[in-house]
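Everything below concerns the one structure shown next.
The values are calculated or read from the model by the stated rules, or taken from the named source; none is laboratory data. Since we're looking at a predicted model, the values are computed, not measured. Cβ sites come from the backbone with ideal geometry, for glycine too, and all protein chains shown count toward neighbours. Side chains are part of the model used for accessible areas, which takes the heavy atoms of the whole protein and leaves out ligands, DNA and RNA. Shrake-Rupley method; radii C 1.70, N 1.55, O 1.52, S 1.80 Å.
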Amino acid sequence: MRQEGSGKTIAIDHVQLAMPEGGEAEAHRFYAGLLGVPQVPKPANLAARGGCWFEQAGLKIHLGVERDFSPARKAHPAFLVDDLFALIARLQAAGCDVIEGEPLTGFMRRYVSDPFGNRIELMQPVG
């Protein structure tokens, strides 16, 4: 049954990032282990494609295998975090380079790359 609506865009369901074939274990270490987003099973009809999904309330990150993979070094998702400096410490202890960006009113923020070179912005509201 079709629901009536205005046809406008209302929210983001998930963010899809690319990764090279065979990178699932590295993705798990970064997204579940360091960022703390639990890995969830992909639907059976999509699992054969490879890749992996990480989801929690309000945040869904899907990584799909791209044959001629090239990381997104400029385009990026921005994730809100509850303690930016605790996360930075965990990332740096794991050997990740954390980069400070230009100031943005109302936020503390940093950039990190996932194991495949995809740019990720980490933001914590201030005030």
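Could you look through region 72-106, keep only residues that are β-branched (Val, Ile, Thr) and touching a strand residue (DSSP E or B) at 6+ places or on another chain (Cβ under 7 Å), and pick out the one that is nearest to GLN16 (Cα to Cα)?
Start the filter on region 72-106 by keeping residues that are β-branched (Val, Ile, Thr), which leaves 81, 88, 98-99, 105.
Subset that is touching a strand residue (DSSP E or B) at 6+ places or on another chain (Cβ under 7 Å): 81, 88, 98-99.
Values: VAL81: 19, ILE88: 23, VAL98: 22, ILE99: 22 Å.
Out of the qualifying residues, it is VAL81.
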Scanning region 22-32 residue by residue, those surrounded by 12 or more Cβ atoms within 10 Å (Cβ to Cβ), out of contact with any Cys (no Cβ under 6 Å at 6 or more places or on another chain) and either without any contact (Cβ under 8 Å) to a residue 60 or more places away in the chain or hydroxyl-bearing (Ser, Thr, Tyr) (or both) turn out to be HIS28, TYR31, ALA32
Residue set ARG119, ARG67, ARG90; condition in contact with a Ser or Thr (Cβ under 7 Å, 6 or more places away or on another chain) and touching a residue at least 24 places away in the same chain (Cβ under 8 Å); output residue ARG119
A careful count of residues in region 97-115 that are open to solvent by less than 30 Å² (accessible area, probe 1.4 Å) and in contact with a Leu (Cβ under 8 Å, 6 or more places away or on another chain) gives 3
Picking from LEU91, LEU84, LEU63, the residue that is closer than 22 Å to ILE12 by Cα and of a type in the set (A, V, I, L, M, F, W, C) would be LEU63
Of those in region 99-112 that are touching a helix residue (DSSP H, G or I) at 6+ places or on another chain (Cβ under 7 Å) and touching a residue at least 24 places away in the same chain (Cβ under 8 Å), the residue nearest to GLY33 (Cα to Cα) is ARG110
The condition of being part of a helix (DSSP H, G or I) and either surrounded by 15 or more Cβ atoms within 10 Å (Cβ to Cβ) or of a type in the set (Gly, Ala, Ser) (or both) holds, among LEU17, LEU87, only for LEU87
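For residues that are among the β-branched types (Val, Ile, Thr) and either open to solvent by 60 Å² or more (accessible area, probe 1.4 Å) or within 23 Å of GLN92 (Cβ to Cβ) (or both), tally how many sit in region 33-53. Walk me through it before giving the result.
Here is the first cut: in region 33-53, the ones among the β-branched types (Val, Ile, Thr) are 37, 40.
Cutting the leftovers down to either open to solvent by 60 Å² or more (accessible area, probe 1.4 Å) or within 23 Å of GLN92 (Cβ to Cβ) (or both) gives us 37.
Of the residues in region 33-53, 1 are among the β-branched types (Val, Ile, Thr) and either open to solvent by 60 Å² or more (accessible area, probe 1.4 Å) or within 23 Å of GLN92 (Cβ to Cβ) (or both).
Do you know which of the residues in region 107-127 that are part of a loop (DSSP other than H, G, I, E, B) and not aliphatic (A, V, I, L, M) is nearest to LEU17 (Cα to Cα)?
ASN118
Within region 54-68, restricting attention to residues that are over 14 Å from GLU24 (Cα atoms) and assigned to a loop (DSSP other than H, G, I, E, B), which residue is most open to solvent (accessible area, probe 1.4 Å)? First the steps, then the outcome.
In the first step, residues of region 54-68 are kept if they are over 14 Å from GLU24 (Cα atoms); the result is 55-60, 67-68.
Next, from what is left, pick out any that are assigned to a loop (DSSP other than H, G, I, E, B): 57-58, 67-68.
Values: ALA57: 103, GLY58: 92, ARG67: 226, ASP68: 132 Å².
So the residue we want is ARG67.
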